[in-house]
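The structure appears right after this line, and notes come after that.
The values are calculated or read from the model by the stated rules, or taken from the named source; none is laboratory data. In this text the structure is predicted, and so the values were computed from the model without any measurement. Note that each Cβ is placed from the backbone with ideal geometry, even for glycine, and that neighbours are counted across all protein chains shown. Remember, those area values only see protein heavy atoms, side chains included, never the ligands or the DNA or RNA. Shrake-Rupley method; radii C 1.70, N 1.55, O 1.52, S 1.80 Å.
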Amino acid sequence: MGGKSFKDILWKIFRFVFLGFMALISVGPLVWIVMSSFKSNKEILSSAFALPTSLSFNGYKAALDLAPIFKFYGNSVVISFTSTLLNILIVSMAAYVLARYTFKGSTFITLLLSASLLVPTSALLMPIYKIMMGIGMFDTRSGLVLVYAALGLPTSLFVFKSYFQGIPKELEEAAYIDGAGFYRTFFVIVFPLAKSGLATGAILQFLTSWNEFMFGLVLTKSTEVRTLPLALNYFTSQFSFNYTAMFAALTMVILPSIVIYVLLQEQVTTSMVAGSVKG
């Protein structure tokens, strides 16, 4: 009995130490970046891990003067929101058809779309670049919207399809009996019932679009179109000796996505678990 109690205590200590270590390596760099954004260059170079002597916002002012961060912010907001709306609208309809109807090739289409999760993103760069150049959508916001909406297709399809499969078919049959057509049944009956799954897909799609870097770098060339993660390119050159401004700019870039995820992580976790049970 005493041995078992000792093992329990030892296990709790190990679990506490492990979770504390994981929290430290996850949150520590972010805290260090935010803390350094309020320091002067002299403080950063003399003692990188010391607390700032005063809360100075000079680094944020310098960052806004050196790089067009607000323009990047605007582009990221427009592109992320638009790609999310497009992704939800199109993929939800495709997922509903694949979840509700069995037709020749439906299984193949589902497997084909799901298998795209296994394709390395880097392998898509050159084909997508050539397509965007060919259709005249290179260096445009609309081009990035289409690409980002397409990149989130497999994940959104998986989430939406599992939710639609959990909705009782009797509700749709009752709507058809009452004279509702296919589109009315989908948008008035099914769409609202799957709002949890749609919200999960929307959050994941938005965060993916907001943080995407590689395609944004390859498919754009002007600051008028580029998104917030690409502001990191400015930091390596413009802020090479101004560490305070660099840390301030990094804080402004990474903080929005972290705040959004922290506020909505319960929605994502709950919906994903519920969707997996329904599916």
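Screening the candidates 153, 207, 146, 217 for the property of being under 30 Å from residue 126 (Cβ atoms), touching a helix residue (DSSP H, G or I) at 6+ places or on another chain (Cβ under 8 Å) and free of Cβ contacts under 8 Å to residues at least 40 places away in the same chain yields one hit, 217.
Residues are listed down the side, and each one gets a yes or a no for (1) assigned to a helix (DSSP H, G or I); (2) without any contact (Cβ under 8 Å) to a residue 12 or more places away in the chain:
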position: 38; (1), (2): no, no
position: 42; (1), (2): yes, yes
position: 51; (1), (2): no, no
position: 64; (1), (2): yes, yes
position: 92; (1), (2): yes, no
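Residues that are modelled with pLDDT under 85 and not in a helix (DSSP H, G or I) do occur in region 232-239, at least one of them.
With respect to the conditions (1) modelled with pLDDT under 85; (2) open to solvent by 60 Å² or more (accessible area, probe 1.4 Å), residue 193 lacks only one, and its number is (1).
Here the helices (runs of 4 or more DSSP H) wholly within region 100-164 that include at least 1 residues being open to solvent by less than 60 Å² (accessible area, probe 1.4 Å), under 26 Å from residue 185 (Cβ atoms) and modelled with pLDDT of 90 or more are 141-151. Does at least one position in region 67-85 carry a residue that is open to solvent by 40 Å² or more (accessible area, probe 1.4 Å), assigned to a loop (DSSP other than H, G, I, E, B) and out of contact with any Gly (no Cβ under 9 Å at 6 or more places or on another chain)? Yes: region 67-85 contains one or more residues that are open to solvent by 40 Å² or more (accessible area, probe 1.4 Å), assigned to a loop (DSSP other than H, G, I, E, B) and out of contact with any Gly (no Cβ under 9 Å at 6 or more places or on another chain).
Go through (1) more than 17 Å from residue 75 (Cβ to Cβ); (2) crowded, with 21+ Cβ neighbours inside 10 Å; (3) within 14 Å of the chain's Cα centre (by Cα) and name the single condition residue 206 misses. The number of the failed condition is (1).
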